[in-house]
Amino acid sequence: MRLRHCAILTTTCLALWALTSCSAPPSASTPTATQEEAPIPVDHEVLPSKQLAERLLTADDLGPGYAALPSATTAASEASVEGCPQLEQVGSTVDSPYAMFPNQGKRVFAGPGGTQLTEELYSAPPKDLSTGVGRIMTAMGACPSYRLVTATTVAEVRTQAVPVPRLGDEQWGQVLTVTAGGRRTVVQQTVIRDGAVLLVVSGSPTEVTVHGQAAVAKATTR
């Protein structure tokens, strides 16, 4: 199965980018999802892409050493998944699993020491966001390990659930250890739904921890 934009694996593709430099551990599990079972409200406003773009972090928000990459340089290459049928099934549904949410914004930053931080925002009716991202994250955590194959690289990926701050209405967290060409790197992804806005922050665990709450605060400004 081919994922045209390395899509469902934004986190993994970020790690492959980093390998072409880092270190890391852990093992396997299912992504943590902490959410309430209360009915999802339907009165949240769905934001257009232009407004989402205005809510993305900027290099000034992140501080010294960060620079936003031109969008033309951030496109991910084609990739295929081997060894995880659940992930393949979700990826085969659409070129990008998040493409079901047409209102979206994305910014990628080059950080200190050659790191990279990615922030994505999506907006849709809360129930649609909840159902869609729940399916995506369940698939991403279904296999403790799998292979990601691109035209130039075969990477071994191991997944581990991580706790997420109780921000917004629903939260998911996952750390991936990616090994390719004898080198390893660790990338964390935090996913938070607040009403009709979905935030996805990916990068090194330290960067995601340091900048995640600022991203949530700016993304959910009312």
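The values are calculated or read from the model by the stated rules, or taken from the named source; none is laboratory data. Note that the structure is a prediction, hence the values are computed from the model and not measured. Methodologically, a virtual Cβ is constructed for each residue, glycine included, from the backbone with ideal geometry; neighbour enumeration extends over all protein chains shown. Just so you know, the surface numbers come from the protein's heavy atoms only, side chains and all, with ligands and any DNA or RNA stripped out. Shrake-Rupley method; radii C 1.70, N 1.55, O 1.52, S 1.80 Å.
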Please list, ordered by first then second residue, the pairs with beta carbon atoms under 8 Å, 6 or more apart or interchain, first in the range 43-67 and at positive phi, second surrounded by 12 or more Cβ atoms within 10 Å (Cβ to Cβ) and not in a helix (DSSP H, G or I). GLY65/GLY111
Sort out which residues of the range 147-178 are under 13 Å from the mean Cα position of the chain (by Cα) and hydrophobic (A, V, I, L, M, F, W, C), and write them in order of number. TRP172, VAL175, LEU176
Would it be correct to say that VAL162 is open to solvent by 10 Å² or more (accessible area, probe 1.4 Å) and among the aliphatic types (A, V, I, L, M)? yes
Residues THR209, THR153: which one is surrounded by fewer than 17 Cβ atoms within 10 Å (Cβ to Cβ), of a type in the set (S, T, N, Q) and over 25 Å from LEU56 (Cβ atoms)? THR153
Considering the range 34-71 alone, what residues qualify as being at pLDDT below 85, closer than 18 Å to VAL216 by Cβ, within 20 Å of the chain's Cα centre (by Cα) and open to solvent by 50 Å² or more (accessible area, probe 1.4 Å)? GLN35
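Yes or no: ALA180 small (Gly, Ala, Ser) and open to solvent by less than 20 Å² (accessible area, probe 1.4 Å)?
Yes; evaluated as a whole, the condition is true for this residue.
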Hits in the range 118-151 - residues which are over 22 Å from ALA219 (Cβ atoms) and aliphatic (A, V, I, L, M): ALA139, ALA142, LEU148, VAL149, ALA151
